[in-house]
Amino acid sequence: MEKSAPFTVLCVDDEVLGLQIRKALLEHAGFAVITALNGQEALALFQSKNHSIQIVLLDYLMPGMNGGEVALKLRALDPEVPILMHTACVDLPDEVRGLVDDVLSKGEGPQALLHRMQQVLEASQLAAKRGK
Amino acid sequence: MKLQEFQRVLRQAFLVPILTLLALAGILLWQIAATQKAQRWLDHSDEISGEIAELESLIIDQETGLRGYELTGDATMLVPFYSAAQPIQGHFAQLRRQIADDPVKLRDLERISTRYETWLSFAQAILSSPANFTNRNLNRHGGELMYAVRDAVRQMARAEDQSRQQWLKHTISQERREIVVLLSGTALVGLMLSFFSLSRLHKVSGAYRQSLFLLEKRGEKLRTILRSIGDAVIVCQADGSIEFMNPVAEDLTGWKEEEAAGRALAEIFRIVNEETNEPAENPVEKVRRLKKVIGLANHTALIARDGVRRIIDDSAAPILSQDGQMTGIVLVFRDVTEKRRAEAALAVSEKLAVAGRLAASIAHEIHNPLDSIGNLHYLLAQEKDAARRDEYLKMAQQELDRTLQISRSLLSLYREPNAPVEVNLGELLSSVLLLLRRRLDHQGTVVTQQNKDNIVIEGFPAELRQVFTNLILNAAEAAGRPGKILIQISRSVGNDSRAPGVTVEIYDSGAGISPQVASKLFQPFFTTKGSQGTGLGLWISLGIVQKHGGSIHIGNSDLPEYTGACVQVYLPARTLATAQSRSTPYVG
C-alpha cells in the first residue's frame, strides 16, 4: 500500500472487539479506518464524509439494519463506491451478492482480507479511469 | 318369513283341521241319521207284522171258539169269540194308524177288514139260530169265508214281510255305506290334514331355515369383518373367558384362537407397565368395575406367549345387552412399538433440525472470534512493540473465551444428565438467547427478558433449552419484522391441580393465532412455516414439558405492547420424570 495516499475504509460491524481488532489490522496495513457499529451509524458517517471513503467493509448480520439493507442505501448515495461484504453468514441471499463488489467469508484470515480489498479497489479505480 | 305371515300359517294350521274334522263329523252324523231312519222303518215293519200276527191269532181264536160251540153247544166255548171281538177292532184301529201313509197296505187291511166283517156277520147269523150248527153247507161257507180272511191276512203279512226284507236290505247297505264313508272319510281327511300340515310345516321350516341361514350369514359376515380389522380384537364373555380373537390378536399374543378360547383373558393378554414391569390392571376387571369404555393406561406393554414385549395402545368396552346387562367385553389394541420408535426417531430428527436451524447462528458466533484471532495472530507476527503485543494477546484471550463459551453451550444441547438436575431457568433462558442472538438480531427482533423471580427447578437442561429455543424462534417468526418478544419468568403458586413451580410466558408482537390453528399446534407435522418447518417443534416441546410434569398453553396476549400470541409454559419445581422416559431417543 502506498503510505503517502492512504485509502479510507469504512468498517461496519456490531462486534465491538472484532471491529477494534480489524481496525488495528487495517491501520497496520496502511488504511485510514472509520468504524461504525450499525447500519444507521455507517450511513450517517458515509454521508458526512462524502467522497472521502474509498471502500466499505460491511458485515451482514447486524441488529436493526442488516448488511444487505445498508449496501442498498449506500448504493443509493453513491453507486460507484466499492463494497466488500465481509461476513460469517453462510447463507447470504443472492440479491445481496449482486449488490456488492465482492463477498469474503470471515475466518479466511487477514491476508485474504487485505488481498481482496486491494482487488476490489483496483477494479474500481480501473472502472473509474475508463469512465473518465 | 314375516311375523304376520307366520301367524297366518299358524291360524291356518289350527283352523283347517278343525273345519275339516267338523265337516267329517257332519257327514258321519248324516250317515248315522240315515241308518237310524232305516232302523226305525225296520222296527215299524216289525210292529206291523206283530199286529197282523196278533190280529190273525185273535181271529183264529174267534173262529175256534165258534166251531167249538157249534160242535158242543157248550156256550162257554164262545168266550174267546166274544172276548176277542173288542181287541180285534183295537188291532184294526192300531194297524190303520200305523199304515196310514201307505195306501197299498191300507187297501190290504181294508180287504182283511171287509172279509172279516163278512165272516163275522155270517158267524153272528149262525149264532142266532142253533139249527144252523149242523148245516154242513153253512159250515163249509163259514170255512170258506174264514179262509178268505186268513188268506187276506197272510197276503198282508207276506207283503209286510217283503217290505221288511227290503228295509232290512236297505239298512244293511246303509250300515255298509256308513262304514265306507267313515273309513274313506277318515282316511281322506287324515291324508289331507297330513299333506296340509306337511306343507305348512314346510313353509315354516323353509322360512326358519332361511332365517337361520341369514343369521349364520350375518354372523359370518361380522366375524369376517372382525377378522379383517387391522387392529387386534379380542372378545371376552362376561366372566373374562375368551370367546373370539382375530388374526392380528393371534399374532400379537402368540395364541391361536382355538387354543385361547375359553381361557381367562389374563392368561392370554398379559400386560405390564412398560417402565416398571409391574403387572397392569386386567381390563376385564376395570370394565366390570367402571361399566364404560376405557383406554389402557399409558406405557402398557403386552407380553406375548413367546415372551416378546410389545408396546400397545388399547381400549376395552363392555358389550351390553338391551336390558343393560354386561354380556361380554371387547378389547381393541394395536402394536405401537414401531410408532414409538418412529416418534423417538422423529424426536431425534427434530433435535437435529433445531441444531440445523442454529447452525448459521453458531457458524457466525464462532467465525467472528476466529476471524479476530486470525487478525490478531497476523498483527502479533509483525508487531515489535511489547505493550501492543500484550494488548493483542489479551484481546485474543477474550475472543478465545467467547469461542469456548459458545462451544460449551453448544455441547450442553446434546450432553444430557441421566437424572434431573437443578436448572436456573433465568440463566437457561439467557444462554438460549445468547445462541439465538444473531438470528434474532438479523430478524430485527427485540427480546426483553424479565426475571421476576430467581427460580431453580429440577429438570433436564438440554431438553428445556430445546423447548425454549423452539418457542422463542416461533415467537420471533410470529412477531414479524421488526418485532418484539417479552419473556417473563415468574413463580407459580401451587393449587389443587398443579404443584408449585414456575411459569415462563413468551409474548410476541405478531397478529396472534386463530382458534383453528391453536387446536392443531401440538399435532406432529403441523406447521405454519411451509417447507421451512418440520412441524415437530411444538409436538416435541409438549412431550418434553409433559415429561417434566408441566404443561404448555398457547393463547393470545393481553398485554397492550405485545399484540400477538402468549405461550405459557408451566414447569413444576420438582419433576417426577426419569431419564428413561419417552423423549430420550431409543433407536432399536
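Just so you know, all these numbers are worked out from the coordinates, no wet-lab data involved. Predicted, not measured: the structure shown is a model, and the values here were computed from it. All Cβ positions, even for glycine, are placed from backbone atoms using ideal geometry, and neighbour counts span all protein chains on display.
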* Which shape class, rounded, prolate or oblate, goes with the range B:232-335 when its Cα gyration tensor gives a ≥ b ≥ c as root eigenvalues, a/c under 1.5 marks rounded, and past that a/b bigger than b/c marks prolate? -> oblate
* Structure fact -> Dividing the helical contributions, -39500 (n - 2.57) per DSSP H run of n ≥ 4, by the residues of chain B yields a 222 nm value, nearest 500 deg cm²/dmol, of -22000 deg cm²/dmol
* Length-normalised contact order for chain B - Cα pairs under 8 Å, 6+ apart - percent -> 8
* To do: Name the shape class, rounded, prolate or oblate, that the alpha-carbon gyration tensor gives for the protein assembly as shown, where a ≥ b ≥ c are the square roots of its eigenvalues, rounded holds for a/c under 1.5, and otherwise prolate holds if a/b is larger than b/c and oblate otherwise.
  => prolate
* To do: Of the options A:Pro110, A:Met65, A:Leu84, report the single residue whose Cα projects farthest towards the positive end of the charge dipole of the range A:65-120 (beta-carbon charges: Lys, Arg +1; Asp, Glu -1).
  => A:Pro110
* Asked: Classify chain A: rounded, prolate or oblate, from the alpha-carbon gyration tensor (a ≥ b ≥ c, eigenvalue square roots; a/c under 1.5 rounded; otherwise prolate if a/b is larger than b/c)?
  -> rounded
* Asked: So which lysines can B:Lys169 reach, going by Cα to Cα under 17 Å and dropping same-chain residues fewer than 8 places off?
  -> B:Lys37
* Asked: So what is the calculated 222 nm ellipticity per residue for chain A, using -39500 (n - 2.57) for each DSSP H run with n of 4 or more, over all residues, to the nearest 500 deg cm²/dmol?
  -> -14500 deg cm²/dmol
* Over the whole of B:370-383, what's the average partner chain Cβ count within 10 Å per residue? Rounded to a whole number, please. => 6
* When only Cα pairs under 8 Å and 6 or more residues apart are kept, what is the percent relative contact order across the range B:343-572? -> 18
* **Ranked by how many other beta carbons lie within 10 Å on average, peptides A:117-123, B:174-180 from highest** => A:117-123, B:174-180
* To do: Name the lysines eligible as straight-distance cross-link partners of B:Lys221: C-alpha to C-alpha under 29 Å, and not fewer than 8 places from it in the same chain.
  => B:Lys2, B:Lys203, B:Lys256, B:Lys291, B:Lys292
* To the nearest whole number, what is the average tally of beta carbon atoms from other chains within 10 Å of the beta carbons of peptide A:53-61? -> 2
* **Whole-number percent relative contact order across the range A:1-122, with pairs defined as alpha carbons under 8 Å at least 6 apart** => 22
* Structure fact -> Protection proxy (average C-beta count within 10 Å per residue), highest first, orders B:66-73, B:146-153 as B:146-153, B:66-73
* **P(r) weight above 17 Å for the range A:77-126, C-alpha pairs, percent** => 36
* Asked: What average count of beta carbons from other chains do you get within 10 Å of the Cβ of residues in A:20-32?
  -> 4
